[in-house]
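Colleague: If you scroll down you'll find the structure; I have some questions about it.
The values are calculated or read from the model by the stated rules, or taken from the named source; none is laboratory data. Note that the structure is predicted; figures quoted are calculated from it, not measured. Ideal geometry is used to build each Cβ from the backbone, glycine not excepted, and the neighbour counts take in all protein chains shown.
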Amino acid sequence: MRAFVAIGSNIGDRLQNIAKAVKYLGLEPGITIKKVSSLLETDPVGGPPQGKFINGVIKIETALSARELLKRLQKIESSLGRARTVKDGPRTLDLDILLYGKSIINEPDLTIPHPRMLEREFVMKPLLEIEPNIKNKWSSQKKSRKPVRRLIQRARNTNA
């Protein structure tokens, strides 16, 4: 199954945290890394005052279920010191499943596609870098089923 994972860090050696996470992800049985985007330094969105993030996106192929992939990502986060003490607070590592094939999953602790990915340029820019022809096929609203690039352009125009 093709999947896309967002990666971010804003505590400690952010680049090292991301490099280690990519390495650990590649060592996980049932996961093959296909592409890693360029990294962006961005301001945090929401939460308490905190330092800037470094963000990117990883394209993987996996034999794991979405639930098992989530468990593996959380294991990697924990191994690199992630503590979930403050919602949207600073973190050594953040790994989020953005897309898992064409699956739509709505469970209390797992929502795919990621519910806020289309609102976040720090997710969409690296996603488009590694998958330039991706389309918003999963939306239930016909009018929003347009190429993701147009959604990004619209977001840029409204935030100017």
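Colleague: Name the single residue, out of those in segment 41-82 being hydrophobic (A, V, I, L, M, F, W, C), under 15 Å from Leu93 (Cα atoms) and modelled with pLDDT of 95 or more, that is surrounded by the fewest Cβ atoms within 10 Å (Cβ to Cβ).
Modeller: Top of the filtered list is Ile54.
Residue-wise test of (1) closer than 20 Å to Met124 by Cα; (2) touching a Phe, Trp or Tyr at 6+ places or on another chain (Cβ under 7 Å); (3) not charged (D, E, K, R).
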{"site": "Ile7", "(1), (2), (3)": "yes, no, yes"}
{"site": "Leu15", "(1), (2), (3)": "yes, no, yes"}
{"site": "Lys34", "(1), (2), (3)": "yes, no, no"}
{"site": "Pro44", "(1), (2), (3)": "yes, yes, yes"}
{"site": "Gly47", "(1), (2), (3)": "no, no, yes"}
{"site": "Ile60", "(1), (2), (3)": "yes, no, yes"}
{"site": "Leu64", "(1), (2), (3)": "no, no, yes"}
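Colleague: Of the conditions (1) at negative phi; (2) in contact (Cβ under 8 Å) with a residue 40 or more places away in the chain, Arg82 clears all except one; give me its number.
Modeller: In the conditions (1) at negative phi; (2) in contact (Cβ under 8 Å) with a residue 40 or more places away in the chain, Arg82 misses (2) alone.
Colleague: Another question about this same structure. Working carefully through the options Gly56, Gly47, find the one that is farther than 19 Å from Leu25 by Cα, in contact with a Gly (Cβ under 9 Å, 6 or more places away or on another chain) and not in a helix (DSSP H, G or I).
Modeller: Step by step, each of Gly56, Gly47 is checked, and only Gly47 is farther than 19 Å from Leu25 by Cα, in contact with a Gly (Cβ under 9 Å, 6 or more places away or on another chain) and not in a helix (DSSP H, G or I).
Colleague: Do you know which of the residues in segment 93-113 that are under 15 Å from Glu68 (Cα atoms) and charged (D, E, K, R) is surrounded by the fewest Cβ atoms within 10 Å (Cβ to Cβ)?
Modeller: Among those that are under 15 Å from Glu68 (Cα atoms) and charged (D, E, K, R), it is Asp109.
Colleague: On to the next question. Before we move on, is Asp88 at pLDDT 90 or above, out of contact with any Leu (no Cβ under 9 Å at 6 or more places or on another chain) and among the charged types (D, E, K, R)?
Modeller: Considered against the rule, which asks whether it is at pLDDT 90 or above, out of contact with any Leu (no Cβ under 9 Å at 6 or more places or on another chain) and among the charged types (D, E, K, R), Asp88 comes out as no.
Colleague: Give segment 15-44 a look and list any residue that's among the polar types (S, T, N, Q) and out of contact with any Gly (no Cβ under 6 Å at 6 or more places or on another chain), or say none.
Modeller: Gln16, Asn17, Thr32, Ser38, Thr42, listed by residue number.
Colleague: Look through segment 3-32, keep the residues that are part of a strand (DSSP E or B) and under 14 Å from the mean Cα position of the chain (by Cα), and return whichever of them is surrounded by the most Cβ atoms within 10 Å (Cβ to Cβ).
Modeller: In this case the residue turns out to be Ser9.
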